[in-house]
1. Please compute P(r) over all alpha-carbon pairs of region 161-227, binned at 10 Å starting from zero, and give each bin as a whole-number percent.
2. Give me the three principal axis extents of region 126-289 from the C-alpha atoms, as integers in angstrom, largest value leading.
3. Excluding N210 itself, calculate the net charge of residues whose Cβ lies under 14 Å from the Cβ of N210, where each Lys or Arg counts +1 and each Asp or Glu counts -1.
4. Using 7 Å Cα-to-Cβ label points, what is the T334/S312 separation (nm, one decimal)?
5. For the residue pair L154 and A252, what label-to-label distance in nm results when each label sits 7 Å from Cα along the Cα-to-beta-carbon direction?
6. Equivalent ellipsoid semi-axes for the chain, as square roots of 5 times the alpha carbon gyration tensor eigenvalues: give them largest first, rounded to whole Å.
7. Please give the calculated 222 nm ellipticity per residue for the chain, where each DSSP H segment of at least 4 residues contributes -39500 (n - 2.57) and the sum is spread over every residue; nearest 500 deg cm²/dmol?
Amino acid sequence: MTGVIIGVESTAHTLSFGLVSSSGEPGSSYSALFRPIEGGIHPREAADHHSTAAPILVKQLMESEGLNPTDIGGIAFSQGPGLGPCLRIGATVARALSQLWNVPLIGVNHCVAHIEIGRNQTGCYDPVLLYVSGGNTQVIARAGDRYQVLGETLDIGIGNMLDKFARNQGIPFPGGPKIEILASEWHSDNPNADVDDIPLPYSVQGMDLNFSGILNAAQQRINEGHELGAVCWSLQEHSFAACVEVAERALAHTGKNELLLGGGVACNERLREMTKLMCNQRGSIGTWPEKRFCVDNGTMIAELGRRMLDTSAATPFTASEVNPSLRTDHTIVTWD
Ligand code: ATP
Ligand code: FE2
């Protein structure tokens, strides 16, 4: 394969165009984030945002990278999972560019793209992935020719939980980064705090997780008069510990010894620290890509597209419809 691969990401809030060279050298992503003025994400409003932003971002990418259509070897897009209206904008743009530039189209699985950019960046080979984002919370490992979901949230994603809690306190989207700051500032002032001082439920069910209960309980702690920083800290301690516990069990069950973090919540330094501690204790490796590759980005879509195009056929237009509920284990792993 020759030419750079362009990736289009549009599963939810983020519209992003990124690129990777034919040998897997990742380039920049050109992104626009939809921020709802009030309340949660409305899929149609996000899709309108994406369709307005798309031509601007494509122009930026082509001009900033000094690219001509003849430099391009393929165009990959997120086929799912995600919000239907948002996915359809990305797919439509990708189909149009594929025709305009006369290059192959590659529909990719967004969750798998988080794994492949992590493998690309960290050099880990056969990891357990703790995938923690707004919409998804899954523990994933490869078995045969699939990435299997070993455990996952039974209700909302952990990032969604953090964003909702933040929104209830008047903190705008995305709330996760602000919660991290509030938690860390509070903990610096209260280094001897005990998690039981601000009790919250700890809900691991076998290999699965849930976050609605902790969201409600955290709001109750606020209503009872606990400091916001204290509740943010306890919320992180409890919810991250639950994720790390399931990830540890996945390492034990599979016998694998690399734990990779991915998804927007993997930007969190406290989660990274807890991951490192657990991995050090069991002699495993805990690793993660740079923040720009943890959050949704077009480059990760390009990287998975590159791996797929190297080892299998492109996606025909007739099979390029989006699938909002695409499962991680649906995609056959043809690459190494
Ligand atoms: P997906 O489609 O994979 O579910 P997404 O649409 O949620 O992804 P991402 O960019 O992967 O998008 O993740 C965004 C989430 O990450 C938001 O919930 C945001 O609050 C959270 N997040 C980002 N940075 C941090 C941080 N430092 N600490 C905690 N959460 C964070
Ligand atoms: Fe994502």
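1. 18, 48, 31, 2
2. Result, largest extent first: 50, 30, 27 Å.
3. -3
4. So the label points at T334 and S312 sit 0.6 nm apart.
5. About 2.0 nm, to one decimal.
6. Listed largest to smallest, the semi-axes of the chain are 34, 23, 16 Å.
7. Theoretical 222 nm ellipticity from helices: -14500 deg cm²/dmol.
Every read-out reported here was derived from the displayed coordinates using simple, explicitly stated rules and does not represent laboratory data. Everything numeric here is computed off the predicted structure, so don't read it as measured data. Cβ atoms come from the backbone with ideal geometry, glycine included; neighbour counts cover every protein chain shown.
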